[in-house]
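The values are calculated or read from the model by the stated rules, or taken from the named source; none is laboratory data. Remember, it's a predicted structure, so these values are computed and weren't measured experimentally. Every residue, glycine as well, gets a Cβ built from its backbone with ideal geometry; the counts of neighbours run over all protein chains shown. For accessibility, only protein heavy atoms count, side chains too; no ligands or nucleic acids. Shrake-Rupley method; radii C 1.70, N 1.55, O 1.52, S 1.80 Å.
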Amino acid sequence: MKNPLALIVDDEPDIRELLELTLSRMNIDVNSAENVGDAKKMLQQKRYDVCLTDMKLPDGNGLELLDFIHKLSMPVPIAVITAQGSIDTAIQAMKKGAFDFVSKPIDLAGLRQLIGSALKLSNPELPKERRTRNILLGESSVMREIRSKIDKLARSQAPVYISGESGSGKELVARLIHQSSSRSEKPFIAINCGAIPHELMESEFFGHKKGSFTGALNDKKGLFQAAEGGTLFLDEVADLPQSLQVKLLRAIQEKKIRPVGEQVEIPVDVRLLSATHRDLGQMVKDGLFRQDLYYRINVIDLVLPPLRERTEDIPMLTDHILIKLTSDDNKPQMSPDALSALQRYRFPGNIRELENILERALALYDGNTIEMDDLNLPLIATSDIEHPDYDPSAENLEDYLDAIERKAITAALEENKWNKMAAAKQLGLSFRSFRYRLKKLNLE
């Protein structure tokens, strides 16, 4: 079997020699160039599996080479070598599409891991967009674009910040980025930052040594070590306390962690993905989230649309969820009115709320078809009603919806002198659906 071929671009002979020796011991054939011009000629003459370039070169820089490689018919995974402390340059390179970076002085173990991951990208087994379509459903233009972006993000090691309303599928997207990447055979560790007590966070993230604090009866590995070689997904990253934000920033920049009670730092190889439904940019302005950490985790951002902005995907999502909740043979049909009602509804809880609505409808429907009444959609949050006081990040969404619904029903009953049939008609509900709401809201 033919050995992989790597291109090293560096004007320092001792660095080139070190890299050549390291890669040749990995059974990788190596070509070297001293400057941008020579590197461009070599890239046009041969097909390389990976490129490793210094940022500062006699006739240009690594960013120029990055742009050149991305214009090739067969782009090559490219990693950049940066001087110690110049993390901003590395972030800039990853924003432009670099696979990863390595800092001087070069850590050879980390370099071997980086090269191994890059080589896995040179021969992808399947087009990733095809693999994700059956999981990340939707044929709207915005979902096609997101699937395409997942494919690109999977070819990088850059930190990704996923934003979107609650229930919009942020963890699913994070899992797909991992599954489509060269890290797919390693762990995917997801953690909700808001679910960990603040006093335990440092130990949970970085681990601890036995006896380092009261209750530390044994050595414990943290989340970074548990995700070694794979992906660490920090959900609700906005909930991190300031003290841990500082330590997380260092872990990202140095690719090293220090367990509680440990004297030395431990190298870690982890790809970081993070998400929140809150406005992290505004939190930075308000002094609630460190600006330097925000720039490190938000090297590439991916914004997930709310379900109400892709209503054409609702029939496909509905069908998929009903099959998941029942079986293909027993799946009920949706009446046209019911499907139309779902497409008019604003879904403040997004896909998670759609699943809840359909699960409830399956318990209530009578026959083979789910009717509009079976959905029991709230009387608010439809496409033609706006509520300026509604905050999609509110934690008590159910209480908010119930309060507005109770107010609408009470007003209808008062206007109709507590005649339930007349109130139901005024609200556009069947009497059966109206009675269900009365019982649910304790208004009977």
Among residues of segment 395-444 being of a type in the set (F, W, Y) and open to solvent by 40 Å² or more (accessible area, probe 1.4 Å), the residue farthest from M372 (Cα to Cα) is W418
Restricting segment 152-175 to residues that are free of Cβ contacts under 8 Å to residues at least 60 places away in the same chain, within 12 Å of the chain's Cα centre (by Cα) and closer than 27 Å to I87 by Cα, the one least open to solvent (accessible area, probe 1.4 Å) turns out to be A154
Counting only residues that are more than 14 Å from Q92 (Cα to Cα), open to solvent by less than 60 Å² (accessible area, probe 1.4 Å) and at pLDDT 90 or above, segment 55-76 contains a total of 3
If we ask which residues in segment 251-290 are assigned to a helix (DSSP H, G or I) and either surrounded by 15 or more Cβ atoms within 10 Å (Cβ to Cβ) or over 21 Å from the mean Cα position of the chain (by Cα) (or both), their number turns out to be 8
Review point. Do we have any residue at all in segment 366-373 that's surrounded by fewer than 19 Cβ atoms within 10 Å (Cβ to Cβ) and of a type in the set (S, T, N, Q)?
Key: yes
Looking across segment 364-388 at residues that are over 32 Å from the mean Cα position of the chain (by Cα) and of a type in the set (S, T, N, Q), the single one that is modelled with the highest pLDDT is T369
So, first residue farther than 11 Å from F224 by Cβ in segment 197-213, second residue assigned to a loop (DSSP other than H, G, I, E, B) and open to solvent by 60 Å² or more (accessible area, probe 1.4 Å), Cβ within less than 8 Å, six or more apart or across chains; the pairs are S203/F213; H208/D219; K209/D219; K210/L217; K210/N218; K210/D219
Within segment 199-219, of all residues that are under 23 Å from the mean Cα position of the chain (by Cα) and open to solvent by 20 Å² or more (accessible area, probe 1.4 Å), the one farthest from R310 (Cα to Cα) is E202
Restricted to segment 291-302 and to residues being in contact with a Leu (Cβ under 9 Å, 6 or more places away or on another chain) and under 11 Å from I162 (Cα atoms), the residue surrounded by the most Cβ atoms within 10 Å (Cβ to Cβ) is I297
Residues of segment 262-297 being basic (K, R) and in contact (Cβ under 8 Å) with a residue 60 or more places away in the chain, in sequence order, are R271, R278, R296
